[in-house]
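Peer 1: Mind looking over this structure? Questions follow.
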Ligand SMILES: NC(=O)c1ccc[n+]([C@@H]2O[C@H](COP(=O)([O-])OP(=O)(O)OC[C@H]3O[C@@H](n4cnc5c(N)ncnc54)[C@H](OP(=O)(O)O)[C@@H]3O)[C@@H](O)[C@H]2O)c1
Ligand code: HEM
């Protein structure tokens, strides 16, 4: 049965924000306060003019769903004295503990102390700000955990009514993980950001040494010219770091002769940060593109432009007009073209990783974009850099070419591509495919047949033949 009246204990920021959305969506809201006579809610916000504020015990009688908008440390001391009035209610614990303790969570304590109530944990990942500002700012996803599916459905219905999306996490034993969610300040970005910073730092040191100490370029060339090289090198290195772990995972699976063994911990973590590394590569490549466009000219890239020489006759006395037509030569055109395609493909992956787009992609399309298009993008990036180096590699001393940033930055990406190509060769590709379809080394062949058929059939029906490790 759908609930149209809700009680919220507490009259603070969260309670008022939730009330605003509930009232806007036609809910009857009653707030429970320690001092109802002093809480003139409608004076604080005209949107809350229909909201009644009662004493906590009186308030809970107004609905079967009671949101606990009070500090986590006060939940027990508030609810225990009114235990009898709470019989049969759904208690929604929205709290985020001030300090993480090792013992039971508030929701688990509620389950223990209020066996006649259903406890739901949720809403704690939302901020009062995002609730109040509506769809436009902050997350609109509510995570719910409860031991009662009926109670979860009641609370989920309320959440959906006010425009929130629900993710049901499981029973109350998952509440600790739910409380950890808002604490993950970097949400999976911490290590990838550190890695990106390290890559940038490395190339910055090398680029500065190479061009401003070893080669004595003028210092004023550092912000655009040198940084452009650094950004390009960082982009291609991060791109390689994004695709390398997929191939290493494939080698581990080939070595194990099974896909059922866990990957080494560091490889597992590396696999999980590929999306972030890819996005950091895209950001670096975009900066590189902007910086390139800002200074691409014969003055900086002599070898990319047709050389025009003008001889002025010695006896010339009158004015002369020279057409300036310093067009790019084929090296410049090809290099920029390849780089632009690489950037385009990288952008398509960036778009595909937006949650709103990812949700609409089935597995096959997602794999096509992330793996196939991604590797083609890497190939274009590698050829973009190679087009810059190769035409001149034999006209310079070998040691000079090897020290060049273009040459050095292309080593890891070329190795990554080579590894991927090797894994596509039938001698490795066929066993890898079998392993990913469920085949295991050392398991009876007849048994393999059953497993293989089952998996293949199920996957064909879904149209989803690829998994994370394949990327
Ligand atoms: N603010 C957010 O963005 C947010 C986001 C997610 C979850 N939460 C959770 O929502 C809960 C409330 O947060 P809030 O930001 O709204 O806090 P708040 O602004 O400090 O409001 C808490 C309210 O609870 C009541 N209260 C305070 N101390 C109490 C006590 N000792 N015993 C009983 N009631 C007491 C007060 O209402 P009366 O004086 O009228 O009784 C007070 O207005 C917390 O558990 C928090 O973790 C907050
Ligand atoms: C995914 C996209 C791209 C990657 C990974 C990439 C990477 C690189 C790398 C590693 C270099 C060699 C740096 C050096 O030693 O000089 C380079 C050079 C260059 N790239 Fe890109 N690039 C990309 C896209 C583009 C685009 C779209 C442009 C378009 C304007 C561009 C223009 C240039 C230029 C002008 C250079 C020469 C820089 C110099 O020598 O000072 N790149 N790129």
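Peer 1: List every residue pair whose Cβ atoms sit under 6 Å apart, with the two residues 6 or more apart in sequence or on different chains, where the first one lies in the range 260-279 and is under 24 Å from residue 347 (Cα atoms) and the second, anywhere, is not in a helix (DSSP H, G or I).
Peer 2: 275/353; 276/189
Peer 1: Let me ask something additional. May I ask you to list pairs of residues, at least six apart or on different chains, whose Cβ atoms are under 9 Å apart, with the first in the range 298-321 being closer than 19 Å to residue 391 by Cα and more than 16 Å from ligand 2 (Cβ to nearest atom) and the second being assigned to a loop (DSSP other than H, G, I, E, B) and at pLDDT 80 or above?
Peer 2: 306/298; 306/327; 306/329; 307/298; 307/329
Peer 1: I need the full set of residues from the range 115-130 which are surrounded by 21 or more Cβ atoms within 10 Å (Cβ to Cβ) and within 8 Å of ligand 1 (Cβ to nearest atom), in order please.
Peer 2: Hits for the range 115-130 are 123, 124, 126.
Peer 1: Here's a follow-up. Could you check residue 214 against (1) surrounded by fewer than 18 Cβ atoms within 10 Å (Cβ to Cβ); (2) at pLDDT 95 or above and say which number it fails?
Peer 2: For residue 214, the failing item is (2).
Matching residues to (1) touching a helix residue (DSSP H, G or I) at 6+ places or on another chain (Cβ under 9 Å); (2) crowded, with 16+ Cβ neighbours inside 10 Å; (3) at pLDDT below 95:
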| position | (1), (2), (3) |
| --- | --- |
| 139 | yes, no, yes |
| 144 | yes, yes, no |
| 152 | no, yes, no |
| 163 | yes, no, yes |
| 176 | yes, yes, yes |
| 179 | yes, yes, yes |
| 182 | no, no, yes |
| 185 | no, no, yes |
| 188 | yes, no, yes |
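Peer 1: State all residues of the range 63-79 that are at pLDDT 95 or above and in contact with a helix residue (DSSP H, G or I) (Cβ under 7 Å, 6 or more places away or on another chain); if no residue qualifies, say none.
Peer 2: Passing the criteria: 65, 66, 67, 68, 69, 70, 75, 76, 78, 79.
Peer 1: Please verify whether residue 457 is at pLDDT 85 or above and either surrounded by fewer than 18 Cβ atoms within 10 Å (Cβ to Cβ) or within 13 Å of ligand 2 (Cβ to nearest atom) (or both), treating the condition exactly as stated.
Peer 2: Values: at pLDDT 85 or above: no; either surrounded by fewer than 18 Cβ atoms within 10 Å (Cβ to Cβ) or within 13 Å of ligand 2 (Cβ to nearest atom) (or both): yes.
No; evaluated as a whole, the condition is false for this residue.
Peer 1: Also: Which numbered condition trips up residue 88, out of (1) at pLDDT below 95; (2) surrounded by fewer than 15 Cβ atoms within 10 Å (Cβ to Cβ); (3) touching a strand residue (DSSP E or B) at 6+ places or on another chain (Cβ under 9 Å)?
Peer 2: That leaves (1) as the condition not met.
The values are calculated or read from the model by the stated rules, or taken from the named source; none is laboratory data. The structure presented is a predicted model; accordingly, all values stated were derived computationally and were not measured. So basically every Cβ, Gly included, is an ideal-geometry build from the backbone, and we count neighbours across all protein chains shown.
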